[in-house]
Amino acid sequence: MAWQWFHRLGSPRWFYQKTGAWLPWLALASAVLLIVGSIWGLGFAPEDAKQGNSYRIIFVHVPAAFLALAGYYLMAVSGAIGLIWKMKLAFAVMRAAAPIGAVLTFIALFTGAIWGKPTWGAYWVWDARITSMLILLFLYIGVMALSQAVNREQVADRACALLALVGTVNIPIIYKSVDWWFTLHQPATLRLTEASSIDPSMFYPLLTVIIGFYCMYAWTLLTHTRTLLLRREIRTKWVQQVLTEGK
Amino acid sequence: MPVTPKFPVVLQVRDLACDRDGRRLFEGLDFSLCTGTAIQIKGSNGAGKTTLLRTLIGTASDFRGEILWCGSPFPGALPVLRESLLYIGHQGGVRDSLTPLENLIWYGATRESALWALDCVDLSGFEGSLCHGLSAGENRRVALARLFLPQAPSLWILDEPFTALDAVGVATLEQQMAAHLHSGGSILLTSHQPLSLGRLASVDLSDFMVDEPLVAMEAEHVFS
Amino acid sequence: MSSVDIHPLVSGARAVPDFATFLRIEMLLALRRRADIANPLLFFVSVLALLPLGLGPEPELLANVAPGMIWVMALLATLLSQESLLRSDFENGTLEQLTLLPQPLYFAVLAKSLVHWIATGLPLALLSPLLAVMLNLPGEGYLCLFVSLLMGTASLSLIGAIGAALTVAVRRPGLLLALIVMPLYVPVLIFGTGAVQAAIDGYAYSAQLAILAALLAAAAALAPLATAVAVRISLDN
Amino acid sequence: MQFQFSSFADFLMMDGHGIYVWISYAVTFAALTALALYPWITRRRIQRELQRQQRIVQRRRKVTKERMAVVESA
């Protein structure tokens, strides 16, 4: 029955054992894809006509920004699953996703700022995308701060899930408003990532790195969730076995 | 038509276990509350008396087992239960920037009935002064005045109602409880002191305590 | 059927306060605790008065920063007063009693937000012409500033209540509430200042005001729902 | 597809943009490594915590056993 499957998926122990087998493959895939993609992008992709070599930052900036946003939605969706079905595993995924998303947002912001220096001549420009990223970082920090501040884990889980959901409703509005604000205050300057027509010689390395980042994200999320589960389920026999055997 | 019993069951608790911060407070708790009866919950500090009450009013949701209100299970039955519930917790629910009268009106009382209830708890003359000027015992009596309002709901859940009350206050409250039971209401309360009520049962949470709260659990729970 | 006799399920006739009583008593409370709410307001008005001392008295410069400054101060004033919105009710047990009422928590929360707005946003909007004069705002912006503040602060009160409910059980909330709520305030701030800027520059600003109204409508419909859920979560403690 | 730079020094310099590019990559991979290492550190901490708790339980069992023995002998 469908419910049984759902129930089993929600079992921390089943999750822990099942994902243990996936981890090495994910780690391998992400390492290979990231290394190959980076070398490809750094050394073999052609120089950009307008921006010169500084555009090579795109190969870390764009994937990080991609996953930072996707990670927020993932966090909110798992929080919603936790709130609706009171599933402990979903809350664990949500809690693990917050710091990972925050780090990715930081990467996107940092590389964007560095990229701005040779492109615009300034590290920080109130560009629509960078500003949206900054707000996304604050949203992540809000969830993390709330989870730190609330003493009881279960209350913190549900409070963070609600906050993540509220944030999700707001993200499109925030993005639209920041976009509008940017066009109001500044004539369209050179955008960092012009989506219009990217040459295949630049697109394929970018795609490689993006897939690599996805694998890396999945691997990191799984390892973080697994340690979180160990901490939360420390009173169960299986966790104590895992902890004493796997030294 | 079958013979209707005199004291039908309103609230049923079956094999209830409550957790707090991952620590099991008690388990295997069973009792039924009938109309016209009172149950006194006993237990040492930290045994989970307040948690039990908060579970029964639906504020705390971390429980396993079954709770039934008039035969229908929690949490679906909660909205109906709340229609006949009067709960007074550790914090009395009295706002100190309001007068006793305004506090009772906030609870839905009319002016006349509020004044009458305040008179019952010996607070007549104080109805117009702000609650932060009153003593702890007087504030407690403002909270308890809700029990003296006409048309009080049928289920009373009271957490340590006698704290901060003087001997006269305790006697008045016991009288009112007896009258409530007599008119077919039911009371669930926690208290350390012995009560002189007619139909009184008691449940000691120490009997349902878990021996070793730190011991490893065999079963795992998917849903929190 | 079990051997015990179970009382039939009946709805009790519990006396329940109506919305008007509710609102009236909340207003009374706001009036008696006016220091909690008025002090942040007065603080930010005085900050606005200090601003020219720091920036210099040039009228053009002040006129340039006026819309943004007034809006940021409005935002901070509602934010700081938000913290006391539910805290004392949580501490004295009234918030728990509120969740035990048979009617939906939505209306109670809505009443609280409404009173919060009447106590902070409304006076701020009424004061705005005075602040605008102090900061040399061009005359074209007055009406727009007033209307945008009127609608915008109401949205801020509603959204901020979510944060207040989430942090009410936290022992030392500090700036946690600000951290949580600030990003959610961004759209209101952008369209509020945008409207005033457009008015000063002589453009039509009805579009921005319409968006502010839409934000307010959405906030009034959704934010109390989230706040109600947040209150129940925070109480389960 | 061919290597875009004439020499390794040229690759490092990237026409003066090298510093920006390399810092970006360095920070990115440092952050990702930190994310990857964090679970290892936490896991070690949890193991230590479990050992501590087990010691407490054992000590408590021992103490109660001794007390029981004292009570029985008396």
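The values are calculated or read from the model by the stated rules, or taken from the named source; none is laboratory data. Remember, it's a predicted structure, so these values are computed and weren't measured experimentally. Positions of Cβ are generated from backbone atoms using ideal geometry, with glycine treated the same way; all protein chains shown enter the neighbour counts.
Would you confirm whether any residue within segment B:184-201 is among the small types (G, A, S), outside any loop (DSSP other than H, G, I, E, B), modelled with pLDDT of 90 or more and touching a helix residue (DSSP H, G or I) at 6+ places or on another chain (Cβ under 7 Å)?
Step one: list which residues in segment B:184-201 are among the small types (G, A, S), which gives B:184-186, B:191, B:196, B:198, B:201.
Filter again for outside any loop (DSSP other than H, G, I, E, B), leaving B:186, B:201.
Next, from what is left, pick out any that are modelled with pLDDT of 90 or more: B:186.
Still in the list and also touching a helix residue (DSSP H, G or I) at 6+ places or on another chain (Cβ under 7 Å): none.
Scanning segment B:184-201, I find no residue that is among the small types (G, A, S), outside any loop (DSSP other than H, G, I, E, B), modelled with pLDDT of 90 or more and touching a helix residue (DSSP H, G or I) at 6+ places or on another chain (Cβ under 7 Å), so the answer is no.
Just to be sure before I move on: is D:I23 at pLDDT below 90, in a helix (DSSP H, G or I) and surrounded by 10 or more Cβ atoms within 10 Å (Cβ to Cβ) in the structure I sent?
Working: at pLDDT below 90: no; in a helix (DSSP H, G or I): yes; surrounded by 10 or more Cβ atoms within 10 Å (Cβ to Cβ): yes.
Here the answer is no, as D:I23 does not meet what is asked.
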Examine segment C:32-40 for a residue that is over 15 Å from C:L122 (Cβ atoms) and not in a helix (DSSP H, G or I), and state whether such a residue exists. yes
How about segment B:155-182: which of its residues are assigned to a helix (DSSP H, G or I), in contact with a helix residue (DSSP H, G or I) (Cβ under 7 Å, 6 or more places away or on another chain) and hydrophobic (A, V, I, L, M, F, W, C)? B:L173
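Filter the helices (runs of 4 or more DSSP H) completely within segment C:99-205 down to those with at least 1 residues that are at positive phi and within 14 Å of another protein chain (Cβ to nearest Cβ).
Result: empty, no element qualifies.
Each row is one residue, and each column tells you yes or no for (1) at the interface with chain A (Cβ under 10 Å from one of its Cβ atoms); (2) loosely packed, with under 10 Cβ neighbours inside 10 Å; (3) modelled with pLDDT of 85 or more; (4) over 30 Å from A:D48 (Cα atoms).
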residue: D:A30; (1), (2), (3), (4): yes, no, yes, no
residue: D:R45; (1), (2), (3), (4): yes, no, yes, yes
residue: D:R55; (1), (2), (3), (4): no, no, yes, yes
residue: D:A69; (1), (2), (3), (4): no, no, yes, yes
Subset of segment B:156-186, residues over 25 Å from B:L115 (Cβ atoms) and buried (at least 22 other Cβ atoms within 10 Å of the Cβ), comes to B:I157, B:D159, B:S186
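Please verify whether C:S46 is part of a helix (DSSP H, G or I) and farther than 24 Å from C:V188 by Cβ, treating the condition exactly as stated.
Taking the combined requirement at face value, the residue does not satisfy it.
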All but one of (1) more than 9 Å from every other protein chain (Cβ to nearest Cβ); (2) under 15 Å from D:S24 (Cβ atoms) hold for A:A156; which doesn't? (2)
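Out of all the residues in segment C:83-91, is one or more under 30 Å from C:A199 (Cα atoms), away from chain B (no Cβ under 14 Å) and not hydrophobic (A, V, I, L, M, F, W, C)? Walk me through it before giving the result.
Taking segment C:83-91 as the starting set, the residues that turn out to be under 30 Å from C:A199 (Cα atoms) are none.
No: segment C:83-91 contains no residue that is under 30 Å from C:A199 (Cα atoms), away from chain B (no Cβ under 14 Å) and not hydrophobic (A, V, I, L, M, F, W, C).
Test C:I211 against the stated conditions and say whether it is in contact with a helix residue (DSSP H, G or I) (Cβ under 8 Å, 6 or more places away or on another chain), within 12 Å of chain A (Cβ to nearest Cβ) and surrounded by 24 or more Cβ atoms within 10 Å (Cβ to Cβ). I'd like the intermediate steps shown before the answer.
Values: in contact with a helix residue (DSSP H, G or I) (Cβ under 8 Å, 6 or more places away or on another chain): yes; within 12 Å of chain A (Cβ to nearest Cβ): yes; surrounded by 24 or more Cβ atoms within 10 Å (Cβ to Cβ): no.
No.
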Residue by residue through segment B:7-31, note down the ones that are within 12 Å of chain C (Cβ to nearest Cβ) and at positive phi. B:D21
Go through A:A98, A:A76, A:A122 for me and flag whichever is free of Cβ contacts under 8 Å to residues at least 24 places away in the same chain and more than 11 Å from every other protein chain (Cβ to nearest Cβ). A:A122
Extreme residue, farthest from C:P224 (Cα to Cα), among residues of segment C:123-142 that are touching a Pro at 6+ places or on another chain (Cβ under 9 Å) and of a type outside the set (G, A, S): C:N136
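Condition check: touching a residue at least 12 places away in the same chain (Cβ under 8 Å) and either farther than 19 Å from C:A217 by Cα or surrounded by 20 or more Cβ atoms within 10 Å (Cβ to Cβ) (or both). Does C:G139 satisfy that?
no
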